[in-house]
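One structure is given here, and the rest of the page talks about it.
The values are calculated or read from the model by the stated rules, or taken from the named source; none is laboratory data. Keep in mind that this is a model prediction, so the values were computed, not measured. Cβ placement follows ideal geometry from the backbone for every residue including glycine, while neighbour counts extend to all protein chains displayed. In case anyone asks, the SASA skips ligands and DNA or RNA and just uses the protein heavy atoms, side chains included. Shrake-Rupley method; radii C 1.70, N 1.55, O 1.52, S 1.80 Å.
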Amino acid sequence: MECSLCGSPAVVHQRSSGRHLCRDHLLGSVESRVRRTLREDGGLPPGSRLAVGLSGGKDSSSALHLLHSIYGRRPGVSLVAVTVDEGIESYRPRTLESARALAGRLGVEHRVVRYEDVYGVTMDRAVEGGESHPCGLCGPLRGGLLVRAAREMGATHLATGHNLDDEAQTILMNVLRGDAARLLRGRVDVEEGRLMPRVKPLRGVPEKEVALYALLRGLPVSWEECPYASGALRSEVRGFLNRFEVDHPGAKYAVVRGFERAGRGRGGPPLGGCVRCGEPSSGELCNACRALVGRGFARA
Ligand code: SF4
């Protein structure tokens, strides 16, 4: 198959546009969508310090590479990277190696923070102790720790590598759960200055194109899968969206854009402080403390 734009060999069929793209046009297309997303979010004002959550996987590594190419030499904006080590021996050490390699290659300050040091628990021990829903514990802990570490590094914004597929899945899952508060809190501009503003540069780029981007740019990426990955609802929603996208190209993009338009300017419920750790929370306990207390790893 040939590139629809230049006739060179194509590396991808971009379902949403109907085009086949060669290496160079795919890279250019990803980069221009990321720039547009950042522009639509208002960019970063001078004095910003952007922390990038860097797992070492394809998404966060591509996000760091792209953000570095855009902001790396911009006066008044600085970048740092944070990796969370959940304590999963068969998985995390190799992804950590990739994260360190990329941060080193780009010359970005990099910090690793461990569940063990902060929460006194590792995912391996939690699972050995009978934890039957590892992601239900791990997700809130990681979210909380990323924000905390970013703040300690002086960051004003936190970037994550969520791609279009992740975002569309999360929106549908929150709809199916009837979780309006989480739906609204996902927005960049609803956080009322209390939570750290989020930047999701890849939220307009499908997962397949992010994976190709990482490969074609030669990023030192780990393709390891977490042994505890679960989430029956997410995999059902993923399957549904992938099937729907085949018959209705652009459906994932429509879900994300439609939600963004509907949510623009609206806030979630007011946030108070978690009674245990003081982090912003819509309830008495923040998500991380609720996950720890509910499983007996901490006291309220
Ligand atoms: Fe944690 Fe689940 Fe991700 Fe594994 S898949 S790192 S357990 S959230």
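With the requirement that a residue be within 26 Å of Ala126 (Cα to Cα) and crowded, with 19+ Cβ neighbours inside 10 Å, what does region 207-237 give you?
So the first thing to find is which residues in region 207-237 are within 26 Å of Ala126 (Cα to Cα), and the list is 222-236.
Matches in region 207-237: Ser222, Tyr228.
Applying the condition of being surrounded by fewer than 15 Cβ atoms within 10 Å (Cβ to Cβ) and over 23 Å from the mean Cα position of the chain (by Cα) to region 250-277 and asking which residue is modelled with the lowest pLDDT yields Pro270.
Selection within region 1-24: residues that are within 27 Å of the chain's Cα centre (by Cα) and assigned to a loop (DSSP other than H, G, I, E, B). The member of this set that is surrounded by the fewest Cβ atoms within 10 Å (Cβ to Cβ) is Gly18. Applying the set (1) open to solvent by 80 Å² or more (accessible area, probe 1.4 Å); (2) at pLDDT below 85; (3) closer than 28 Å to Gly120 by Cα to Pro280 leaves exactly one unmet item: (1).
Filter region 216-239 down to the residues that are in contact (Cβ under 8 Å) with a residue 40 or more places away in the chain and part of a helix (DSSP H, G or I), then identify the one that is farthest from the ligand (Cβ to nearest atom). Please lay out each step first, then the result.
Of all residues in region 216-239, those in contact (Cβ under 8 Å) with a residue 40 or more places away in the chain come to 216-217, 219-231, 233-234, 237-238.
Now drop any that are not part of a helix (DSSP H, G or I), which leaves 216, 233-234, 237-238.
Details: Leu216: 26, Leu233: 13, Arg234: 10, Val237: 16, Arg238: 14 Å.
That would be Leu216.
Taking region 116-165 as the range and being of a type in the set (A, V, I, L, M) and either part of a helix (DSSP H, G or I) or within 9 Å of the ligand (Cβ to nearest atom) (or both) as the test, the residues that pass are Val118, Met123, Ala126, Val127, Leu137, Leu141, Leu145, Leu146, Val147, Ala149, Ala150, Leu164.
Among Val84, Val112, which is the only one that is closer than 15 Å to Ser55 by Cα, within 11 Å of the ligand (Cβ to nearest atom) and in a strand (DSSP E or B)? Walk me through how you get there before you give the answer.
Working: Val112 fails: within 11 Å of the ligand (Cβ to nearest atom).
Matching residue, one of Val84, Val112: Val84.
Report yes if Gly56 is modelled with pLDDT of 95 or more, of a type outside the set (Asp, Glu) and at positive phi, otherwise no. When the stated conditions are applied, Gly56 passes them. Among the residues making up region 111-126, those that are surrounded by fewer than 20 Cβ atoms within 10 Å (Cβ to Cβ) and in contact with a helix residue (DSSP H, G or I) (Cβ under 7 Å, 6 or more places away or on another chain) are Arg111, Val112, Val113, Val118, Thr122. State which residue pairs qualify: first residue over 12 Å from Leu292 (Cα atoms) and inside region 121-141, second residue acidic (Asp, Glu) and open to solvent by 30 Å² or more (accessible area, probe 1.4 Å) in any location, beta carbons under 6 Å apart, and separation of 6 or more residues or different chains. Qualifying pairs under 6 Å: Asp124/Glu89. Determine, yes or no, whether Val118 is in contact with an Asp or Glu (Cβ under 9 Å, 6 or more places away or on another chain), over 20 Å from Ala229 (Cα atoms) and hydrophobic (A, V, I, L, M, F, W, C). Criteria not met by Val118. Close Cβ contacts (under 9 Å, 6 or more residues apart or on different chains) running from residues in region 78-106 that are at pLDDT 95 or above to residues that are of a type in the set (Val, Ile, Thr) and in a helix (DSSP H, G or I) comprise Thr83/Thr95; Ile88/Val127. For region 64-81, filtering for residues that are in a helix (DSSP H, G or I) and within 17 Å of the chain's Cα centre (by Cα) leaves 5. Any residue at all in region 25-42 that's over 12 Å from Glu209 (Cβ atoms), small (Gly, Ala, Ser), part of a loop (DSSP other than H, G, I, E, B) and open to solvent by less than 50 Å² (accessible area, probe 1.4 Å)? Within region 25-42, not a single residue is over 12 Å from Glu209 (Cβ atoms), small (Gly, Ala, Ser), part of a loop (DSSP other than H, G, I, E, B) and open to solvent by less than 50 Å² (accessible area, probe 1.4 Å). Among the numbered conditions (1) within 13 Å of the ligand (Cβ to nearest atom); (2) assigned to a helix (DSSP H, G or I); (3) not aliphatic (A, V, I, L, M), the only one that Gln169 does not meet is (1).
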